[in-house]
Amino acid sequence: MMSEDLTLVIPTYQLGSYFQPMLDDLIAQTADFTLWLVDDGSTDGTAERGAAFVRGVPNFHHEALGTHRGVSVARNFGLDRTTSGAVAFIDGDDRVAPTFAAALRGGFQADVAAVAVGYRWFRALPRRQAQELVLDQHAMFEQASQHGTEVGGYVWNKAFRTAAIRKANLRFDESLRLAEDYLFTASFVAATPGPYVYLPAVLYTKRNRPNSTIHTAGWEARRQEAGVFDRIYAMGRKIH
């Protein structure tokens with residue numbers, strides 16, 4: 001089976017100096033991909049920089065939504081326009097290795113539902129696997145439904161088979177400020193038997209931006225997050 005064609009969906013909002021390093025990483029990729037930069041109402045020049053970046057590049061697209069509506073709205077906009085076999089959702093203030101797109105595409109050479117790569121963050125992580133790991137639905141759900149696991153429930157270190165997303169009728173919950181990525185990933189796994197492949201090489205670096213959503217979320221968002229995990233645990237009880 002050939003490697004799957006890939007779309008990268010990248011929401012942007014008030015990224016300031018964090019944006020250019022990601023754009024440099026996209027230029028450095030060793031494999032082809034389609035790009036959707038979706039700006040969520042930035043007023044600091046992020047939208048203009050994104051529009052300039054895609055200009056004249058085949059398969060690179062930019063959309064400025066105009067008003068700030070949240071990361072899930074931006075991701076859904078890109079998802080709705082994805083026509084490739086696989087889609088990944090990454091954050092515009094993070095960093096990706098030059099082989100990020102190539103590794104995700106290559107992971108689909110096997111008949112898998114999703115591909116995950118290793119990531120680096122400020123949080124301590126368990127000892128990494130030494131080699132590629134294939135997970136069944138139950139094992140993947142265990143990884144995707146808990147904080148601090150090696151594979152994680154985040155969307156930004158993964159690519160999902162687009163047909164499986166469509167089959168499960170999945171979208172990001174636009175009412176959530178936190179844990180929308182955990183809900184999306186867990187819902188995907190709960191609806192998709194797999195298998196899944198994990199490539200342990202660290203190809204994604206999560207940057208700790210002080211004004212990001214995770215650092216500015218208030219009590220109501222944290223309450224929503226707890227409710228999300230209640231929903232995820234209920235899904236897990238239905239997986240055999």
Self-check item: With at most 15 neighbouring Cβ atoms within 10 Å, loop GluC sites (Glu not before Pro) (DSSP) excluded, longest segment of the chain
Solution: 1-131
Quiz prompt | Percentage relative contact order, segment 1-87, counting C-alpha pairs under 8 Å, at least six apart | solution = 40
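With charges set only on the Cβ (+1 for Lys and Arg, -1 for Asp and Glu), what does the dipole of the chain come to about its Cα centre, in debye to the nearest 20?
Details: 25 positive and 26 negative charges, 89 e Å.
Charge dipole, the chain, about its Cα centre: 420 debye, nearest 20.
Select from the chain the helices, each a whole stretch of DSSP H, whose alpha-carbon atoms run 15 Å or more along the helix axis and whose Kyte-Doolittle mean is at least 0.0; answer none if there are none.
180-191
Calculate the all-directions average of the projected area of segment 1-137's alpha-carbon convex hull, and give it in nm². Before the final figure, lay out the partial values.
Details: hull surface 37.9 nm².
Computed as one quarter of the Cα hull surface, the answer is 9.5 nm².
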Quiz item: Which of the listed residues, THR43, VAL197, GLN14, is farthest toward the dipole's positive end in the chain, when Lys, Arg count +1 and Asp, Glu count -1 at the beta-carbon?
Solution: VAL197
Quiz item: If Lys and Arg each add +1 and Asp and Glu each add -1, what is the summed charge of the other residues whose beta carbon sits under 14 Å from the beta carbon of GLN109?
Solution: -2
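Would you work out the charge dipole size for segment 1-131 about its Cα centre, treating the Cβ of every Lys and Arg as +1 and the Cβ of every Asp and Glu as -1, and quote it to the nearest 20 debye?
On the way: 11 positive and 15 negative charges, 89 e Å.
So the dipole magnitude of segment 1-131 works out to roughly 420 debye.
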Quiz item: Can you list the lysines whose alpha carbon sits under 20 Å from that of LYS158, skipping same-chain ones fewer than 8 residues off?
Solution: LYS167, LYS206
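What FRET efficiency do you get for ALA31 and TYR233 if R0 is 51 Å and r is their Cβ-Cβ distance, rounded to the nearest 0.05? Please list the in-between numbers first.
Working: r = 37 Å, r/R0 = 0.72.
Here the calculated transfer efficiency is 0.90.
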Quiz item: Summing -39500 (n - 2.57) over the DSSP H runs of n ≥ 4 in the chain and dividing by its residue number, what mean residue ellipticity at 222 nm do you reach, to the nearest 500 deg cm²/dmol?
Solution: -10000 deg cm²/dmol
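Every number here is computed from the coordinates shown, using simple stated rules; none is lab data. Everything numeric here is computed off the predicted structure, so don't read it as measured data. A quick note on method: Cβ atoms are made from the backbone with ideal geometry, for glycine too, and the neighbour counts reach across all protein chains shown.
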